[in-house]
Structure formats: C-alpha cells, structure tokens
Amino acid sequence: MYPEMAMPMEGRTNWKVFAGVMAGGVAGIGALTGMLMNGVVSAAVNLPVPFTVQASSIQGSSFSLAPGQVPNQQQGAAQIQMNGTLQNMQITKTVNTPLGTFQISISAGSGSTPVQATGMTVYASSLGGDTSFPSGLTMDASNGSMGASQLQMNNATLQVPYLSTQSITLPGMSLSIQPVSSSSSSSSSGQ
Amino acid sequence: MFRTLRWARRPAFRPWRLTRALGLSFAAAASALTLLPAPVPRAGTILPGRVPFTLRASEIIAQNAVISILGESMSFSSASIQGMSITYSAGGHTFTIAVNGTSSAGATVIKTSLFSTLKDDIGSLFHVQSPSVATVLADALIQKPIPTLVLTNVNLTIDTSMTSQSIQMPGMSLTVN
C-alpha cells in the first residue's frame, strides 16, 4: 500500500499564471465585443426569452411566414424566416427584480450602418407596421405558409418569444437599464 | 367422354395470355374511371387536408377581373381593398393579419375550389355591387374579363393559393390567439 494513494493530492494555484490567462480571456472578449459593436464581426445569437423588437424600417429578403409554436413552449406564434436589414433597431425587455422593475434596452443600427441579420428565425406572437411586398406575395393553403422574395416594413414592432440568427451585426450598439417607475438610469455605450 | 378428352388435350394456360388479360382489364378500368363524373364539392365545402385562408374585406374594387368557374380561380390586374383581413387556423391557434387602411394589390390570382360552386352560393362569398350578379356569373362561365368589379362583404375561403405580384398593407398587424 502506497501512502500517497491514501492521501489526497495537494496543489497550489499559480496566481501569476491565473491572472495572465484571465486577463487574456477578458481582453479577447472585450475585443470581440468591440468589433461586434462596430459591425466588424457578426455573431450567432439565440434568445429564448420574450422581448420586443422595434425598428424604423426592416428590409427583408427570402421571407417566409408559417404557423408555428415557440420551441419548448405551448405558445402559438408565427414562424418568420428571412434575412433582414434593420434600421434603428431597439430590443427591449422588462425584468421584475426584488429591487424593482427594470427595462433593459439594446439599441443598434441607428447611424448610417443598419443592423444586418442573416438566417434569422423569429417566432412572433404579434407584429405590426406599414408593410409591403414589392416583389410579390404567395400564400399556399397546402401548408398555411406565406412567402415573398422581399419585405419592406416601416415602424415595425414585433413581440418575440424566441429569436435565433445565424449571424448578426450590431453597429453602434448601446445597452441601457432603466427603472420603469423612476427616471434614474445607468447605461453603457459602444460608440 | 369425347368432350372430356378434348378439354384434357387442350394446351395449358399460357403466361402471355394472362398478361394480355391483365392489360386489357387495366385499360378497361382506366377508361371507366376516366368516364366517371368527378366529385364536385358542395357549396361552402373546401378541400380537405388544407390550411385554408379566409380573406375578408369590406370592399374590393378590382380592375380587369376574370372569374373562372371551371378554373376555380379569380384574377385581376390590380385592386384596392378596404378593411382587409386574412385569418387562418393551425395547431390550435388562430392567426389574423389585419390591415388598417386601404390595401393596394397588383396583379393577383386567387385559386379556391369554392369558385366551382359560384352560381349556387355567390352570396356567401361576396356581394356583387357592380356589374350585376347575372353579368358576373355569365362572364365567369366564359372567363370574360370584367373591366371594374366591385365586391362588398367579401368572405372568401382560399383553399388552394393566392399569389400577388405586389401588395401594400398599411398599418398591418398580425396577432396569434
């Protein structure tokens, strides 16, 4: 019987190595976030929580809408798939906490560079806006789907229980957290 | 005794005769099926296994409209649609697309089996304001274009398809219930 097998191994953390690795990781994440905010790189996003999307305009391509159900939920929703360019996009989410109710807002694409999303799948419980299909619209009763090569929406508002995109750029992204019932706020901007 | 022997001497049933008999039977069955009258849906019935849309509108003013009873379709070169909504049900939920304002559509083709029974049930699909109902039905039999067709209280179930080359929906909203 070897005595070292009965005793647990003891080790020590090399804090210098840990700090170096941690700093490198944080710097990498910061660089990626900065590039994402400036539209240099795009990221795949999967948001399985309900929120509201607003945009002054949405230009969509390869648009399809079909009756669907939110993944892992019983809630019915319109399943929208398209590639989109969103001008003045704002994502808002109201969160209840023990400290009060807060509204989290993410804004992007407010400047000359709009938000670009490809491979977007949106489950919308409602949507509204001035809508046109300039290149045609086909409604197929064999499966209840609607399809259009192009979509134009102005003053769009979508209630979205679930969203995923293959890639999205968020130029000029800013995040703000505001108490719903008071005027104090804290915010950080990527610009 | 002779008859029995004669039958016994006959050659056995050959395979090519069986093939020919089966082929003739198949051709006869196909001919009979072709000549059978096709089932015509009753007024107000739709094709099964579909997710039909219901197009409602308070008024549709369509230009160069062609209604075809035989082709079960309606087409027009352009139209303005007041009070438009499109409803369909799937998965236990009802999806409603409503337009707040006047919708403008370009060249459009609507196909639904309900047009086959138009002469029996036109009042349940829409009210014809202009031209007269008789004119619309007569033109629908020969697919004659109607320069300006005005319909009100449109409640049309579309069980095949609707294709529009362009359409504008101001104040569009989609809700799921």
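When you scan the range A:102-110, do you find a residue that is free of Cβ contacts under 8 Å to residues at least 60 places away in the same chain and crowded, with 16+ Cβ neighbours inside 10 Å, even just one?
No, the range A:102-110 contains no residue that is free of Cβ contacts under 8 Å to residues at least 60 places away in the same chain and crowded, with 16+ Cβ neighbours inside 10 Å.
Please pick out the residue among B:GLY106, B:GLY101, B:GLY91, B:GLY83 that is at pLDDT 95 or above and within 14 Å of another protein chain (Cβ to nearest Cβ).
Among B:GLY106, B:GLY101, B:GLY91, B:GLY83, only B:GLY106 is at pLDDT 95 or above and within 14 Å of another protein chain (Cβ to nearest Cβ).
Of all the residues that make up the range B:160-177, how many are in a loop (DSSP other than H, G, I, E, B) and at the interface with another protein chain (Cβ under 7 Å from one of its Cβ atoms)?
Number satisfying all stated conditions: 3.
Scan the range A:149-159 and give yes if some residue there is within 13 Å of chain B (Cβ to nearest Cβ), touching a residue at least 60 places away in the same chain (Cβ under 8 Å), over 24 Å from B:SER166 (Cα atoms) and not acidic (Asp, Glu), otherwise no.
The answer is yes, given that some residue of the range A:149-159 is within 13 Å of chain B (Cβ to nearest Cβ), touching a residue at least 60 places away in the same chain (Cβ under 8 Å), over 24 Å from B:SER166 (Cα atoms) and not acidic (Asp, Glu).
Only strands (runs of 3 or more DSSP E) wholly contained in the range A:90-190 count here; list those with 2 or more residues that are within 19 Å of B:LEU174 (Cβ to Cβ).
Ranges flagged: A:115-124, A:126-133, A:137-140, A:145-160, A:162-169.
The values are calculated or read from the model by the stated rules, or taken from the named source; none is laboratory data. The structure presented is a predicted model; accordingly, all values stated were derived computationally and were not measured. Positions of Cβ are backbone-derived with ideal geometry, glycine not excepted, and every protein chain shown enters the neighbour counts.
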